[in-house]
Every structure is written in structure tokens, then in C-alpha cells.
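Student: Sharing a structure, written as C-alpha cells. Questions coming.
The values are calculated or read from the model by the stated rules, or taken from the named source; none is laboratory data. As the structure is a computational prediction, the values presented were derived from the model and not from experiment. Positions of Cβ are generated from backbone atoms using ideal geometry, with glycine treated the same way; all protein chains shown enter the neighbour counts. With ligands, DNA and RNA removed, areas are computed over all heavy atoms of the protein, side chains included. Shrake-Rupley method; radii C 1.70, N 1.55, O 1.52, S 1.80 Å.
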Amino acid sequence: MTAVVGPEQPDTLLELLNTTPVVNGAAQDELADPEAARVWQRAHGGSGSDEELWHLVQARDALQAVLRDGHPATSLAPLLKGVVCRPRVSTGGVAWELDAPAERRLAVEAVLAWSALEEAKPGRLRPCANPECRLFLLDRSKTNRARWCSMAVCGNRMKARRHYQRTRDSAAE
């Protein structure tokens, strides 16, 4: 299948990475439920097939390992085997057309979106600094200093913990 690589992909990539949140202290997989997975796939231009989901989960897990666990980018190579991007030149510029099997397109687009983001804005896509959180953030701030997926949730929790620790340490002295 041929598809044009587009600018909306960083947000789709972030949504994919964040399909494994922690809810009430337990890790969840939003793509584990077949119906929820089909809805997610179709909402992002996929077919909703089981094979497409399998490739998508493989890509998500590999990308999370690269971002969270420091796996090398070369670990993503099997996801791109046999995939071709061809330039399409028009009066408006150059667009890249992705040529990949239909069942692998969403997975390949996720890897390509990660690569493009790393090239254009290195280090902006990263895991939340809360060790109990499994979400990722895309830092769009000017200073590139965002640490939490959500200031209201994780940021607040981490600040409260630091305050409690300082108070407890002061009382112990």
C-alpha cells in the first residue's frame, strides 16, 4: 500500500506510545481488547485487522524500548524490512510516498514518525519523569525542559513527594 508520510504523525506516535498507561497502580494495554484496538486502528487510518494490530503492537513495544530502556535504534530494523519510501515531486515540493504492505503501514508510519521527530527535534519525545508512570510526552516548550506527561497529575505528585521528603528529612535532623 502506498501512503504519503504526513505532519500529523508525531501526535499519532504519541497516542500509540501512550496505549500502555498505569491505571490505579496497574499497567494497562489499551490495545489488548480487540474491539478497542480496532477502534484505535480505524481512527488512525488502519483497517482494524488482527495482523495490522500485531505489527502495530510490535512497533509500539520496540519504540518504547528504544525510548524508555535505551535500546539501539537498530532494533527497529526488522519493522522496516522490505519497506520503500519514494519521492513524489510536484510544484508544491517533495512528498514521500510510503510503499509497505497494508497490514504493516501503521507500524511503519510510527517508526518513520519517531525517526523524523528524532531528526527534527532530538530528545523532545521522552518518557514521563515519574517512575510510576508509563506515559510519554512530546515536549513542545521553547526550553525543552518538560519532565512530566501532565503537570496536573505526575508533576503535582512528584512535587508533593519531594516536599514530603524534605519535610520528613528536616524533622529527622
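Student: Name the pairs whose Cβ atoms lie under 8 Å apart, with the first residue in the stretch 27-41 and over 11 Å from residue 53 (Cα atoms), the second hydrophobic (A, V, I, L, M, F, W, C), and 6 or more positions between them or separate chains?
Tutor: Filtered contacts from the stretch 27-41: 28/22; 30/36; 30/37; 30/40.
Student: For the stretch 122-138, what are the residues that are out of contact with any strand residue (DSSP E or B) (no Cβ under 7 Å at 6 or more places or on another chain) and either touching a residue at least 12 places away in the same chain (Cβ under 8 Å) or of a type in the set (S, T, N, Q) (or both)?
Tutor: Across the stretch 122-138, the qualifying residues are 123, 129, 130, 135.
Student: Given the residues 117, 112, which is the only one that is open to solvent by 10 Å² or more (accessible area, probe 1.4 Å), outside any strand (DSSP E or B) and either in contact with a Lys or Arg (Cβ under 7 Å, 6 or more places away or on another chain) or among the polar types (S, T, N, Q) (or both)?
Tutor: On the way: 112 fails: either in contact with a Lys or Arg (Cβ under 7 Å, 6 or more places away or on another chain) or among the polar types (S, T, N, Q) (or both).
117 is the lone residue from the list that is open to solvent by 10 Å² or more (accessible area, probe 1.4 Å), outside any strand (DSSP E or B) and either in contact with a Lys or Arg (Cβ under 7 Å, 6 or more places away or on another chain) or among the polar types (S, T, N, Q) (or both).
Student: Of everything in the stretch 17-42 that's among the acidic types (Asp, Glu) and surrounded by fewer than 16 Cβ atoms within 10 Å (Cβ to Cβ), which residue is farthest from the chain's Cα centre (by Cα)?
Tutor: 35
Student: If you don't mind, another one. For the stretch 53-63, indicate whether the set of residues that are closer than 18 Å to residue 112 by Cα, open to solvent by less than 60 Å² (accessible area, probe 1.4 Å), in a loop (DSSP other than H, G, I, E, B) and in contact (Cβ under 8 Å) with a residue 24 or more places away in the chain is non-empty.
Tutor: No.
Student: Residue 45 - would you say it is more than 26 Å from residue 133 (Cβ to Cβ), in a loop (DSSP other than H, G, I, E, B) and more than 17 Å from the chain's Cα centre (by Cα)? Spell out the reasoning first.
Tutor: Details: more than 26 Å from residue 133 (Cβ to Cβ): yes; in a loop (DSSP other than H, G, I, E, B): yes; more than 17 Å from the chain's Cα centre (by Cα): no.
It is false that residue 45 is more than 26 Å from residue 133 (Cβ to Cβ), in a loop (DSSP other than H, G, I, E, B) and more than 17 Å from the chain's Cα centre (by Cα).
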